[in-house]
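Laboratory data are not the source of any read-out in this text; all were calculated from the coordinates shown. The structure presented is a predicted model; accordingly, all values stated were derived computationally and were not measured. Methodologically, a virtual Cβ is constructed for each residue, glycine included, from the backbone with ideal geometry; neighbour enumeration extends over all protein chains shown.
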Amino acid sequence: MDFQLDQAHEMARSLFRDFAETEVKPLAIEVDEEERFPRETVDKMAKNGFMGIPIPKEYGGQGCDVLTYVMAVEELAKVCGTTSVVLSAHSSLCMDPILTFGTEEQKQKYLPELASGRKLGAFGLTEPGAGTDAQGVQTKAVLSEDGTYWTLNGSKCFITNGKEADVYIIIAYTDIVEDARGRKSKKFTAFIVDKDTPGFTFGTKENKMGIRGSSTYELIFQDAKIPAENQLGQRGKGFPIAMHTLDGGRIGIAAQALGLAEGAFQRTLDYVKERKQFGRALAKFQNTQFQLANLATEIEAAQLLVYKAACAKQEARSDVKKRFSVEAAKAKLFAAETAMDVTTKCVQLMGGYGYIREYEVERMMRDAKITEIYEGTSEVQRMVISGSLLK
Amino acid sequence: MKVVVCVKQVPDTKGGVKFKPDGTLDRAAMLAIMNPDDKSALEAALKLKDEFGAEVTVLTMGLPKAEAVLREAFAMGADKGILVTDRVLGGADTWATSQTIAGALRNLEYDLILTGRQAIDGDTAQVGPQISQHLGIPLISYCEDMQVDPEAKTVTVKRQYDDGYHIVRAKLPALVTCLSELNTPRYMTPGGIFDAFQKEVTVWGRNDLKDVLDENIGKVGSPTLIAKASDKVAKGKGVQVKPESPEEAADYILNVLDEKHVI
């Protein structure tokens with residue numbers, strides 16, 4: 001067991017940190033205040049290869065491992081939660097299922113465009129009446145009689161990269177099956193949907209507590225015609241595809257949570273050394289010292305879980321039998337709760353200044369909350385983990 | 001077209017400057033980076049690669065750990081990297097350094113040699129110009145803009161000057177020293193970083209240098225010695241005055257300048 005990153009990973013981290021500090025940090029307050037999607041940052045990330053980090057070079061990606069991608073999300077989240085989730089949703093939720101389940105034609109058609117950042121990706125499973133309970137999905141796809149296209153009807157909500165994306169992975173039910181006892185259940189299929197598909201429109205933009213620059217929209221499908229060749233994976237296998245995709249997505253969100261915790265912690269560490277009360281720096285008080293010790297320990301534990309999950313997903317790329325659901329669930333559960341705890345305590349340590357927007361930790365606290373909710377709530381992660389223990 | 005870029009690994013002054021008890025820089029205690037002016041020289045070379053397909057070779061002299069700047073250059077897009085390192089080359093001043101680098105460059109084919117104006121640790125701005133003299137090729141220093149004409153085999157440089165600029169043209173091969181203002185260096189790419197660690201770095205020692213005398217290298221070949229090095233003395237607090245009128249302000253400034261014999 002080796003806890004040391006090699007030189008290449010260290011250099012990659014320094015690249016992401018440099019980029020985040022120089023290009024992303026100066027925009028973070030504005031992106032949050034104005035709920036503005038940071039398109040210029042996405043363009044810069046595209047130019048520098050960040051939009052295709054874990055995609056093989058043969059499909060126009062950078063050919064890096066999952067850990068490298070995870071470190072990119074982490075470093076971006078240290079300065080801007082919004083920017084980190086744009087990259088995470090694009091990479092984990094859109095490119096990854098195409099890479100894992102797509103046909104060669106689908107990979108050739110979509111991955112170079114996505115990995116170069118010329119196009120942005122998104123993923124839609126959640127609906128007004130279905131989130132954790134996937135059986136509640138109402139979006140339905142019906143295959144035409146001649147088998148050449150699917151007709152998609154329904155809506156998806158809370159979709160990250162919503163209106164800004166160009167390519168969407170959409171989960172819809174295509175069949176209803178009956179088991180031996182006569183109980184009916186829906187069978188799902190995944191589809192790759194292009195933005196310019198007739199019948200595909202956008203609903204309301206959500207006004208959110210955190211990650212406010214992220215473009216969160218409702219997607220609406222009214223007789224949207226999807227070419228049969230855009231079916232992703234087998235018919236009826238949409239649910240396992242969605243779950244596999246979310247397993248990967250959870251590692252990205254765990255990295256985002258980790259970065260948020262680290263970002264808030266670093267600012268607080270600087271602050272307590274400067275701020276004086278009763279004639280000495282806050283850092284000289286034992287309460288501050290013990291709090292810092294706890295937070296630093298939590299952060300490192302979270303980092304180890306996140307990196308371990310990234311390595312587990314990496315192994316699964318070369319061995320399809322290997323699963324990483326439990327590692328991903330543990331990483332996301334712990335990192336998200338760490339992010340919430342650390343950012344909340346950092347606001348408290350910084351007192352009145354922590355509550356002021358200019359000092360940024362309150363934004364990180366608002367951003368942190370979503371990591372306990374999206375791509376599977378902390379409760380769902382506990383279900384996944386306990387399910388593996390008790391099966 | 002073949003372009004060679006000379007780069008130096010320098011201590012990163014962002015984290016503060018640290019000294020050893022003898023007054024020399026404690027390089028081990030500071031992070032190391034590629035010298036900023038040199039990075040702009042590398043970017044200029046990579047632009048020539050983008051435009052004309054130039055082959056970009058990066059050359060550095062230093063301790064074995066200076067290999068890191070070559071890896072960084074690979075990750076930005078450089079084709080070849082050469083590290084000149086040898087115990088006998090240590091302690092070199094600008095004369096010995098430029099002799100050593102010129103000795104390495106004599107082994108290479110080049111149309112253009114690019115260096116940074118100066119390194120942030122020594123700030124001499126001497127090594128680039130000295131190399132050009134050892135090699136007997138034209139020098140244009142302080143480049144803030146550059147055009148290369150591969151057909152005519154010339155380089156035209158906008159050369160920064162105190163109160164303006166010169167437009168200077170030289171025949172290739174030539175050496176140009178570059179300012180940070182020349183461009184904004186590109187980032188490494190993530191994939192480029194991992195490829196960089198697969199690439200071969202050529203390592204040369206004393207015996208690989210061409211036409212260089214022992215008396216011109218290393219500490220023994222260095223005519224200058226550092227008597228003392230110190231951190232910059234922080235400027236004292238300025239004086240604030242609140243004059244009643246612009247005329248009074250002008251009078252005040254004139255008086256101060258006069259007292260200090262500036263005018």
- [ ] Can you tell me the 0 to 90 degree angle between the C-alpha axis of helix B:246-259 and the longest principal axis of chain B, rounded to 10?
- [x] 70 degrees
- [ ] Can you tell me the order of A:205-217, B:141-153 when each peptide is scored by its average per-residue count of other Cβ atoms within 10 angstrom, highest first?
- [x] A:205-217, B:141-153
Task: 10 Å Cβ neighbours from other chains, averaged over peptide B:193-202 - done: 4
TODO: Restricting things to alpha carbons, tell me how big the range A:243-390 is in terms of Rg and Dmax, in Å.
DONE: 17.2, 61
Open item on the list: For peptide A:4-11, what's the mean number of Cβ atoms from other chains within 10 Å of each residue's Cβ?
Closed with: 4
TODO: Between beta-carbons, use under 11 Å as the cut-off and find the net charge around B:GLN126, counting Lys and Arg +1, Asp and Glu -1.
DONE: -1
- [ ] Based on the mean of other Cβ atoms within 10 Å per residue, sort peptides A:171-184, A:353-366, B:107-120 so the most packed one is first.
- [x] B:107-120, A:353-366, A:171-184
Task: Estimated distance in nm for a label pair at A:GLN286 and B:ASP258, the labels positioned 7 Å out from Cα along Cα-to-Cβ - done: 6.6 nm
Open item on the list: Could you tell me the ratio Rg/Rh of the range A:1-69? Both radii from Cα atoms, Rh via Kirkwood.
Closed with: 1.05
Task: the range A:123-238 - percent relative contact order, Cα under 8 Å, separation 6 or more - done: 31 percent
Open item on the list: Defining a contact as two alpha carbons under 8 Å apart and six or more residues distant in sequence, what relative contact order in percent does chain A show?
Closed with: 16 percent
Task: Total formal charge among the other residues, if their Cβ is under 9 angstrom from that of B:GLY81, Lys/Arg +1 and Asp/Glu -1 - done: 0
Open item on the list: Just checking the output field for A:57-69: average partner chain Cβ neighbours within 10 Å of each residue's Cβ?
Closed with: 2
TODO: With label points built 7 Å along Cα→Cβ from the Cα atoms of A:GLU40 and B:THR13, find their separation and express it in nm.
DONE: 2.9 nm
Task: Net length gained if the chain between A:ASP175 and A:THR204 were fully extended (0.36 nm per residue, minus Cα distance) - done: 7.5 nm
- [ ] Considering only DSSP beta bridges where both residues belong to the range B:1-150, give the percentage that are antiparallel (nearest 5).
- [x] 20 percent
Task: Under 22 Å between alpha carbons - lysine pairs in the range B:104-263 that sit 8 or more apart or on different chains - done: 7
- [ ] For chain B, give the share of DSSP beta bridges that are antiparallel, in percent and rounded to the nearest 5; count only bridges with both residues there.
- [x] 40 percent
- [ ] Counting other beta carbons within 10 Å of each Cβ, put A:LYS47, B:LYS210, B:LYS235 in order, fewest first.
- [x] B:LYS235, B:LYS210, A:LYS47
- [ ] List B:SER230, A:SER386 from most exposed to least, where exposure is judged by having the fewest other Cβ atoms within 10 Å.
- [x] B:SER230, A:SER386
Open item on the list: Sorted from largest to smallest, which semi-axis lengths in Å does the alpha carbon gyration tensor of the protein assembly as shown give for its equivalent ellipsoid, taking the root of 5 times each eigenvalue?
Closed with: 52, 32, 24
Task: Spacing of the two label points (7 Å from each Cα toward its C-beta) at B:LEU213 and B:THR154, in nm - done: 3.8 nm
Open item on the list: With angles folded into 0 to 90 degrees, how steeply does helix A:325-354 sit against the dominant principal axis of chain A? Use alpha carbons for both and round to 10.
Closed with: 40 degrees
- [ ] Give the calculated FRET efficiency between A:LYS47 and A:ASP196 to the nearest 0.05, with a Förster radius of 22 Å applied to their Cβ-Cβ distance.
- [x] 0.35
Task: At R0 = 35 Å, FRET efficiency that the Cβ-Cβ distance of A:LYS57 and A:THR297 yields, to 0.05 - done: 0.35
TODO: Estimate the FRET efficiency between B:ALA28 and B:THR224 by the formula 1/(1 + (r/R0)^6), using the beta-carbon distance for r and 41 Å for R0, to the nearest 0.05.
DONE: 0.95
Open item on the list: Rounded to two decimals, what is the ratio between the C-alpha radius of gyration of the range A:7-120 and 2.2 N^0.38 Å?
Closed with: 1.04
Open item on the list: Quick check on packing: order A:291-301, A:342-352 by the mean number of other C-beta atoms within 10 Å, highest mean leading.
Closed with: A:342-352, A:291-301
Open item on the list: What do you get for the angle between helix B:94-105 and the principal long axis of chain B? Use alpha-carbon atoms, 0 to 90 degrees, nearest ten.
Closed with: 30 degrees
Task: Fewest-first ranking of A:MET383, A:MET51, using other Cβ atoms within 10 Å as the exposure measure - done: A:MET383, A:MET51
TODO: Compute the whole-percent fraction of alpha carbon pairs in the range B:2-234 spaced more than 27 Å apart.
DONE: 32 percent
TODO: Give me the compactness ratio for chain A, meaning the Cα radius of gyration over 2.2 N^0.38 Å.
DONE: 1.00
Task: Proximal lysine pairs, the range A:238-391, alpha carbons under 13 Å, eight or more residues apart or interchain - done: 7
TODO: Find out how many positive minus negative residues lie around B:ASN35, taking Lys and Arg as positive, Asp and Glu as negative, among other residues whose Cβ is under 14 Å from that of B:ASN35.
DONE: -2
TODO: Take every DSSP beta bridge with both residues inside chain A and express the antiparallel ones as a percent of the total, to the nearest 5.
DONE: 85 percent
